[in-house]
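The values are calculated or read from the model by the stated rules, or taken from the named source; none is laboratory data. On a predicted model such as this, the values are computed, not experimentally measured, just so you know. As a convention, Cβ positions derive from the backbone with ideal geometry for all residues, glycine included, and neighbour counts pool all protein chains shown. Remember, those area values only see protein heavy atoms, side chains included, never the ligands or the DNA or RNA. Shrake-Rupley method; radii C 1.70, N 1.55, O 1.52, S 1.80 Å.
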Amino acid sequence: MHHLKPQKTFTPYPGPLSLPPQEGKYYSEEAEVDLRDPGRDYELYKYTCQELQRLMAEIQDLKSRGGKDMAIEIEERRIQSCVHFMTLKKLNRLAHIRLKKGRDQTHEAKQKVDAYHLQLQNLLYEVMHLQKEITKCLEFKSKHEEIDLVSLEEFYNEAPPDISKAEVTMGDPHQQTLARLDWELEQRKRLADKYRECLSNKEKILKEIEVKKEYLSSLQPRLNSIMQASLPVQEYLFMPFDQAHKQYETARHLPPPLYVLFVQATAYGQACDKTLSVAIEGSVDEAKALFKPPEDSQDDESDSDAEEEQTTKRRRPTLGVQLDDKRKEMLKRHPLSVMFDLKCKDDSVLHLTFYYLMNLNIMTVKAKVTTATELITPISAGDLLSPDSVLSCLFPGDHGKKTPNPANQYQFDKVGILTLRDYVLDLGHPYLWVQKLGGLHFPKEQPQHTVIADHSLSASHMETTMKLLKTRVQSRLALHKQFASLEHGIVPVTSDCQYLFPAKVVSRLVKWVTIAHEDYMELHFTKDIVEVGLAGDTNLYYMALVERGTAKLQAAVVLNPGYSSIPPIFRLCLNWKGEKTNSNDDNIRAMESEVNVCYKELCGPRPSHQLLTNQLQRLCVLLDVYLETESHDDSVEGPKEFPQEKMCLRLFRGPSRMKPFKYNHPQGFFSHR
Amino acid sequence: MERAVPLAVPLGQAEVFQALQRLHMTIFSQSVSPCGKFLAAGNNYGQIAIFSLSAALSSEAKEESKKPVVTFQAHDGPVYSMVSTDRHLLSAGDGEVKAWLWVEVLKKGCKELWHRQPPYRTSLEVPEINALLLVPKENSLILAGGDCQLHTMDLETGTFTRALRGHTDYIHCLALRERSPEVLSGGEDGAVRLWDLRTAKEVQTIEVYKHEVSETLGPVRCRPAVCGGGPALTLWHLRSSTPTTIFPMRAPQKHVTFYQDLPPPSGQGCCVNQWQLSGELKAQVPGSSPGLLSLSLNQQPAAPECKVLTAAGNSCRVDVFTNLGYRAFSLSF
């Protein structure tokens, strides 16, 4: 292919055309573009197009006219138009070249701009980076700023001059800070030294303490041996300090109510009443075990839980057993108990054991009476000294079958306990006076959340309760003896009570037995006593039978536990010529009145243990009077069954025609009240 | 009938003694105040209790209204009889009669106005006074009792004017005859004697029965007199001294009063009986005491709303009957 030869171009049309000065040997249209003026090219273009149009029009014209000679003109014009075409082509080429050049230039410029842009970005990035670094540097907190340095004044005051270097540091804050840091370091070093010293001191002292402790612990057994050695001396001098000391040791483990009881009772016993002796029984270890620290028990719990899970998979304990266990848990007693020994005049002893039920916060007591000599219990006296009933109703209404703590009812409902009554034989009786002696007071109106044991309550009740207990035991023992005699048909009247009765008493007591409470309520002549509420289930009931000849007098006796301050109550039924009771015979009523209402005359010398026997003897005397003063029925043949032997002033008196039942001493006659 | 189980109240020594006293109490006598609103009852311990009838009968009566307004110890021995004048309450028991002012009696701690003892012959035993009778015409009081005599006492001067003797055994009751100044007395000796007050002599004797007593006599209106006790309750014709009607009741009748001219309600055993003149039993109402000793009819004109029959006897209760068909309620010591 031929390379474009440099050639000269001729421009047939008018117009100056200036060719660039050519350095090289080839023709460059590109260079030509730079020289030409686009505007003039545009004009040229327009002119060329016009010429072409003209020529075409002429050709057209000529062709349309037709003719032969026209061909040359057409040819000419054709050649001209070809030339014009070529001009157009060149112009087109030039336009293209210009366009390309323009594009290239733009492209170049753009590239440059891009490069600059990139540079700018780089620089900006660097600037930013540097700025960040600067901020970091500026924000950098040196550790030294966190240290609490001593204040400036202190620093200048305390630091030695070689560190503080006042002249230098005053002016220069940097140096000042450095100096201060130096001083800080110095101080810290000193303190570290001191600390080490102190530690070593402490070690020394600890060692000394160890040594001394050992010494003391070796002392303890020696002291014990001295105490032991002194025991015979204590006994010789009747000063049982050791024993008391041991008691107090154990007493520390008592629950609060028992502790109050123990303290008050010991105080009372020492101060007022030598017949009372107090002791603590039970296992101290168990008491201590109650207060085991919880971590141990937690471990145990987790173990036992694991075990339990295993066992439950095998066999579940029955609901009843579970409930039973819960009940037992609720009624659990504290392992320690307090024992009282009350000695009475005739050498009989009342043993009281006081327990504390932990979950119910009440105290109970169990009683036992022992006598100096062995007692042969008569049949009717079975209940007199029984542990269940000997302390019943020491105070009126205090039967000890119900729990005194009102909050217990809710606890009982949870485990299905109806009443404490079923458990008293085992647990002891929760009498109200027992709670008072333990300082526990349960106000009836508002149940309290926690009832705490109060010493003053216990102290105020101690003396009366002890006295009542002694009176109770003695009266029961007296009754015991009397019952033995009564069962043999002898009314034992002591010599100092003989004046109450005439010398000759013919009616005899033939029977003396206990009857049950229900039987008493069923008797037809005791209904008024029951209605008034004097025949509760805490009383003891007896039946006595007095006879003379054909007359039989039944006497139903209500013995209140508070005998002898509360008199026994008699109800009579006479079987002689019909049945006579207080509802159909006024004189029977009068006899009952003589025995029941006028009992104060029959009390005898204090402590009035003779009341019951005197009442029975009076009953015999009354029967005598009744039978002997009965008016004779003329329709019946024969003499009177009971001739009058008693001296009576008048046989009948008053609108109700009473018999003379009152015995007058020493004259010995009977009169009316 | 189901017997209610009594409440278990803790009974101390004092409460037990009080309960025993009430169980063995006997109310012997009653008397209505002159205003008719109060009732006095005397018992065997010598206490007198004043009940307010108007309070107990009112529509707002509560349990406390059935208790005495005031109770005081009047005598040492039982109070066997009481009677009221228009200002005084006279009570008699063991040998002496005491007077109280009704106005004072309602206040606590009242003292007796006066007390007198009739001249007794024996001093070994002081005889009781079983009956008191007011003789308004003479303004005197007749006492009779254990010494078998009727004593008359002048209420103004307090002196004992007469002593009528004739009974052989102690006297139970007295009654006054309206038309003539005659007094009837019934005694343990089984006889009813009529006495003339002017001549102070015994006029008539009716042997009711040889043995037993006549408990009380009804206030005699015209001729008949009723005698209780003995073997039967009997209506007697006084002039001829013959029994007209014998009421078929078992002995003994304890108390008898006349009521609206009909034969009286009488207490026997525990019932108040109402009779017809012909001898038939009209009504029998049980009271609350096992034996009735005293019946009292409140006929004071000043208090017509308190017109009730009260009955008392061998218990601490006084039964109140507003009409004779049933027992309304009981007052209690």
Rounded to the nearest 0.05, what FRET efficiency do B:Thr159 and B:Gln73 have when you use their Cβ-Cβ distance and R0 = 25 Å? 0.35
Enter the Cα centre distance for the pair segment B:147-188 and segment B:27-68, rounded to the nearest angstrom. 28 Å
Computing the accessible area with a 1.4 Å probe over protein heavy atoms, can you report the carbon and sulfur percentage for segment A:29-137? 59 percent
Roughly how crowded by other chains is peptide A:529-536, in terms of the mean Cβ count from those chains within 10 Å of each of its Cβ atoms? 6
Using the Kyte-Doolittle scale, which helices in chain A average at least 0.5 and also have C-alpha atoms spread 24 Å or more along the helix axis, with helices defined as whole DSSP H runs? A:611-628
Span per principal axis, largest first, for the Cα atoms of chain A (Å): 217, 97, 54
If you take the Cα atoms of segment A:158-239, find Rg, then find the Kirkwood Rh from the mean of 1/r over all pairs, what is Rg/Rh? 1.67
Any idea of A:His488's accessible area? Nearest 10 Å², probe 1.4 Å. 150 Å²
Carbon and sulfur: what percent of segment A:319-366's accessible surface (1.4 Å probe)? 52 percent
Neighbour net charge for A:Ser200 - beta-carbon separation under 15 angstrom, K R +1, D E -1: +1
Any trypsin sites (Lys or Arg not before Pro) in segment A:585-655 that lie in a DSSP loop and have at most 15 other Cβ atoms within 10 Å would be A:Lys640
Per residue of B:37-45, what is the mean number of Cβ atoms on other protein chains within 10 angstrom of that residue's Cβ? 1
Could you tell me which of the pairs B:Lys66/B:Lys108; A:Lys436/A:Lys470; A:Lys326/A:Lys368; A:Lys288/A:Lys343; A:Lys328/A:Lys436; A:Lys552/A:Lys640 are separated by over 22 angstrom between their Cα atoms in the structure shown? A:Lys326/A:Lys368; A:Lys288/A:Lys343; A:Lys328/A:Lys436
Partner lysines whose C-alpha sits under 19 Å from that of B:Lys282, ignoring same-chain residues fewer than 8 away, are B:Lys254
If you take the accessible area of A alone, add that of B alone, and subtract the area of the pair, what total do you get in Å², probe 1.4 Å, to the nearest 100? 3300 Å²
Listed pairs A:Lys402/A:Lys527; A:Lys504/A:Lys646; A:Lys402/A:Lys444 exceeding 18 Å between Cα atoms: A:Lys402/A:Lys527
Excluding same-chain residues fewer than 8 positions from A:Lys202, which lysines have a Cα within less than 23 Å of its Cα? A:Lys189, A:Lys194, A:Lys212, A:Lys213
Summarise the partner chain shielding of B:14-26 as one whole number: the mean count of Cβ atoms from other chains within 10 Å of each residue's Cβ. 6
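Tell me, which longest segment in chain A has none of the chymotrypsin sites (Phe, Trp or Tyr not before Pro) that fall in DSSP loops with at most 12 further Cβ atoms within 10 Å?
Counting at most 12 other Cβ atoms within 10 Å as exposed, the longest clean stretch of chain A is A:292-673.
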Counting other Cβ atoms within 10 Å, keep those with at most 13, restrict to DSSP loop, and tell me which GluC sites (Glu not before Pro) in segment B:96-200 are left. B:Glu156, B:Glu178
When ligands, DNA and RNA are left out and all protein chains stay put, how many square angstrom of accessible area per residue does chain A have with a 1.4 Å probe? 62 Å²
Could you pull the accessible area for A:Asp61 with a 1.4 Å probe, rounded to 10 Å²? 80 Å²
Rounded, prolate or oblate, given the Cα gyration tensor of segment A:29-137, with a/c below 1.5 counting as rounded? prolate
How about segment A:39-82: which GluC sites (Glu not before Pro) there are in a DSSP loop, with at most 12 other Cβ atoms within 10 Å of their Cβ? none
From highest to lowest solvent-accessible area (probe 1.4 Å; ligands, DNA and RNA excluded), A:Val33, A:Val211 read A:Val211, A:Val33
Around A:Glu579, what is the net charge, scoring Lys/Arg as +1 and Asp/Glu as -1 over all other residues with Cβ under 14 Å from its Cβ? +3
State the extension gain, in nm to one decimal, for the chain segment bounded by B:Cys35 and B:Lys307, taking 0.36 nm per residue of separation less the distance between their alpha-carbons. 96.8 nm
